[in-house]
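Here the structure comes first, spelled out in structure tokens, and everything after it is commentary.
The values are calculated or read from the model by the stated rules, or taken from the named source; none is laboratory data. Remember, predicted model here, so these are calculated numbers, not experimental data. Note: ideal-geometry Cβ built from the backbone for every residue, glycine included; neighbour counts use all protein chains shown. Note: areas computed on protein heavy atoms with side chains; ligands, DNA, RNA excluded. Shrake-Rupley method; radii C 1.70, N 1.55, O 1.52, S 1.80 Å.
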Amino acid sequence: MIYLDANATTPLHPAVMAAMMPALREVFANPSSVHKPGQDARALVDRAREQCGAALGCDPREIVFTSGGTEADALAVRGLSRRKLVTTAVEHPAVLGACAELERAGVEVVRVQVDRTGQLDLTALDTALEGADLCSAMAANNETGVIFPLREIGELCRKHRVPFHTDAVQAAGKMPLRIRELPIDLASCSAHKLGGPKGAGLLWVRRGLQLAPVQVGGHQERGRRGGTENVAGIVGLGEALERACAALATEEPRLAGLRDRLEAAANRIPGSRVAGAGAARVCNTSNVAFEGCEGEALLAALDLAGVAISTGSACSSGTLEPSPVLLAMGYPPELARGAVRFSLWSGTTAEQIQRVCELLPGVVEQTRNPRRIRG
Ligand code: PLP
């Protein structure tokens, strides 16, 4: 099977699994326990915190370990916003869901639109930020890979004295990200998108920011997230993040080159459109719509041919609704329904991409309904 659905999840890297094994076997104690076994577990958590801090360019003490990207997003959004929240129309459901919940509780939520290439309307953002108590805008889009200009967004937030949260789940380990050097105040990451285990993530919170905990209980994570730490998951997150960031200098151009080959083949197919083609994008993501096709049918045909892809975000697959992200980029619903996402990872090879390039024209031809192709 050629697995090209890394934005949904990645397999556990063997070195990450090896690093996790002590925490799954002998180092079993509760890191809050004062005895020696407890302190051994605490040392593993502390080491992972250092690894994450070094990989992201932030102070390890500013890191709050969570159960993944969704919880990190919810903690940022629910932990800070009380009056007015500014976000974007193309966020992951983890952010949009937390925002909708606040909206039902009476918080004003403004969703800033994007243009045809997926770029944020910074003038609209500037206006929307007036009187806001939080801005949440993602670093890289999970469906299209489009990168938002974090520095510009952060500077606008600074101008309005609004804390800035970025969902960096699809950016960390795929593009250079030194978060403390940017005008950002909070950032979410998830282990399973970069060779780590599912169920582990983090929220980085700039020192001085008062964050109300969402999950209350014990005093873990400096009182910002109650609950016994998932020691093995945290160890896996630290190892995966360190490895992905260390490999970036070679992996980023390699994956971008493979993605470009895939897109060149897709572009040769009449009636195809690459999302965000003119915008800055992360190296591993390509979203291509084929006129007259159903994304679900393309997915099924490629699956049969041994290629695993997605029709958009995993959370919305299984529904036949066109992607809200592509609709926000001005796609006609018919074209958005014909979109599929290829997302590459460290295990993707040139031979695999070559095979997909050869298969793609035939699969599109086979699934295409000629009556649905425009003029
Ligand atoms: N944010 C983005 C941009 C994502 O792509 C995802 C996962 O698809 C999440 C958040 C949720 O992360 P997790 O699966 O770790 O909860």
**OP:** Can you quote the Å³ per residue value for the convex hull of the Cα atoms in segment 10-59, rounded to an integer?
**Re:** 90
Original post:
Ignoring ligands, DNA and RNA, what accessible area per residue does the chain give at 1.4 Å, in Å²?
Top reply: 41
Subject >> Förster-model FRET efficiency, 45 Å R0, residue 219 and residue 198, C-beta, rounded to 0.05 >> reply: 0.95
Original post:
Taking the chain as a Gaussian network, Cα atoms linked when under 10 Å apart, which of 140, 240, 305 shows the biggest mean-square fluctuation?
Top reply: 305
Original post:
How big is the equivalent ellipsoid of segment 204-286 along its three axes, where each semi-axis is √(5λ) from the Cα gyration tensor, reported in whole Å from largest to smallest?
Top reply: 40, 17, 12
Original post:
Heavy-atom accessible area of residue 50 with all protein chains present, probe 1.4 Å, nearest 10 Å²?
Top reply: 110
Subject >> By accessible area with a 1.4 Å probe, ligands and nucleic acids excluded, highest first: order of 3, 331 >> reply: 3, 331
**OP:** Compare the Cα positions of 236, 271, 288 along the charge dipole of segment 226-375 (+1 at Cβ of Lys, Arg; -1 at Cβ of Asp, Glu; about the Cα centre) and return the one farthest towards the positive end.
**Re:** 271
Subject >> Among 123, 285, 311: highest mean-square fluctuation, GNM of the chain, C-alpha pairs under 10 Å >> reply: 123
Subject >> Anisotropy class of segment 108-216 from Cα gyration tensor, a/c 1.5 cut >> reply: oblate
Original post:
Rounded, prolate or oblate: which fits segment 87-141 when a ≥ b ≥ c are the square roots of the eigenvalues of the alpha-carbon gyration tensor, with rounded for a/c under 1.5 and prolate only if a/b beats b/c?
Top reply: oblate
Original post:
Using a 1.4 Å probe on the protein chains only, how many percent of the accessible area of segment 232-322 belongs to carbon and sulfur?
Top reply: 56
Subject >> Geometric extent, Cα atoms of segment 116-175 - Rg, Dmax (angstrom) >> reply: 11.6, 34
Subject >> Stretchable slack from residue 178 to residue 105, in nm (0.36 nm times residue separation minus alpha-carbon distance) >> reply: 22.8 nm
Subject >> Zone of residue 122's modelled label, taken as backbone nitrogen in segment 265-302 under 20 Å from a point 7 Å along Cα→Cβ >> reply: 276-282
**OP:** Sorted from largest down, give the three principal axis spans of the alpha carbons of segment 43-107, whole angstrom values.
**Re:** 42, 22, 19
**OP:** For residue 83 and residue 25, calculate 0.36 nm times their separation in residues minus their Cα-Cα distance, and state this gained length in nm to one decimal.
**Re:** 16.2 nm
**OP:** Quote the Stokes-Einstein diffusion coefficient, in whole µm² s⁻¹, for the chain, based on the Kirkwood radius over alpha carbon pairs, a temperature of 4 °C and a viscosity of 1.567 mPa s.
**Re:** 61
**OP:** Using a 1.4 Å probe and ignoring any ligands, DNA or RNA, find the accessible area of residue 126 and quote it in Å² to the nearest 10.
**Re:** 40
